[in-house]
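Below: one structure, written as C-alpha cells.
The values are calculated or read from the model by the stated rules, or taken from the named source; none is laboratory data. Computed from a prediction, not measured in an experiment: that's the story for all the values here. Glycine gets a Cβ as well: all are built from the backbone with ideal geometry, and neighbour counts include every protein chain shown. What goes into the accessible areas is simple: the full protein's heavy atoms, side chains included, and nothing from ligands, DNA or RNA. Shrake-Rupley method; radii C 1.70, N 1.55, O 1.52, S 1.80 Å.
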Amino acid sequence: QVQLVESGGGLVQPGGSLRLSCTASGRIPTFAVNGWYRQAPGKQRELVAQISAAAGTRYADSVKGRFIISKDYTKDTLYLQMDNLKFEDTAVYYCYTNFAGGSWGQGTQVTISS
C-alpha cells in the first residue's frame with residue numbers, strides 16, 4: 001500500500017487561497033485515480049475533486065470554478081489549488097488514490113474564518 005501525506009492546510013479569511021499538497025511514498029501509475037475529499041464536522045466525507053490520466057478531472061459542483069486539482073507525475077505529488085475560499089469550505093481535507101487497494105492520507109485541516 002502507498003502512504004500519502006498531505007500538507008498545506010491552515011486558517012484563511014473568506015476569499016483567500018490555499019494550496020494543498022499530497023505526496024506519495026512510492027510511484028503511483030498514471031492509470032490510478034487520485035482525488036481530494038473533505039469532511040466537515042457532523043457531515044459525511046465528500047468528494048471534492050478527482051483526476052486520472054484516462055478520465056481527466058471532475059469537481060464537486062460546490063467548488064467548480066474555485067478549485068483546481070493537478071498532479072505532478074514526476075514527483076508523485078497531488079495538488080489542490082483552492083481560491084475564493086468560503087466558510088463552507090472549512091473541513092479536514094484528505095487525499096486518496098485507488099492504486100494498490102486504495103490509500104488515504106491522514107488529513108489536513110482547512111479553516112475559513114474572519
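List of remarks:
- Answer residue from segment 58-72, given it is open to solvent by less than 80 Å² (accessible area, probe 1.4 Å) and either of a type in the set (D, E, K, R) or modelled with pLDDT under 95 (or both) and is farthest from Leu47 (Cα to Cα) among those: Asp72
- Residue pairs meeting the criteria (Cβ under 8 Å; at least 6 apart or on separate chains; first closer than 18 Å to Met82 by Cα, in segment 99-110; second open to solvent by 10 Å² or more (accessible area, probe 1.4 Å) and of a type in the set (S, T, N, Q)): Gly107/Gln39; Thr108/Ser7; Val110/Thr90
- Those residues of segment 19-55 which are under 20 Å from Lys75 (Cβ atoms) and without any contact (Cβ under 8 Å) to a residue 60 or more places away in the chain, in sequence order: Ser21, Thr23, Ser25, Gly26, Arg27, Thr30, Phe31, Ala49, Gln50, Ile51, Ser52, Ala53
- Segment 73-102 - residue that is among the acidic types (Asp, Glu) and outside any helix (DSSP H, G or I) and, of those, modelled with the highest pLDDT: Asp83
- Conditions (1) surrounded by 14 or more Cβ atoms within 10 Å (Cβ to Cβ); (2) farther than 15 Å from Asp83 by Cα; (3) of a type in the set (A, V, I, L, M, F, W, C); number of the one not met by Ala53: (1)
- Note on segment 56-86: residues that are free of Cβ contacts under 8 Å to residues at least 40 places away in the same chain, acidic (Asp, Glu) and either touching a strand residue (DSSP E or B) at 6+ places or on another chain (Cβ under 9 Å) or under 18 Å from Gln109 (Cα atoms) (or both) total 1.
- Qualifying residue in segment 28-47 (condition: modelled with pLDDT under 95, among the β-branched types (Val, Ile, Thr), open to solvent by 40 Å² or more (accessible area, probe 1.4 Å) and out of contact with any helix residue (DSSP H, G or I) (no Cβ under 9 Å at 6 or more places or on another chain)): yes
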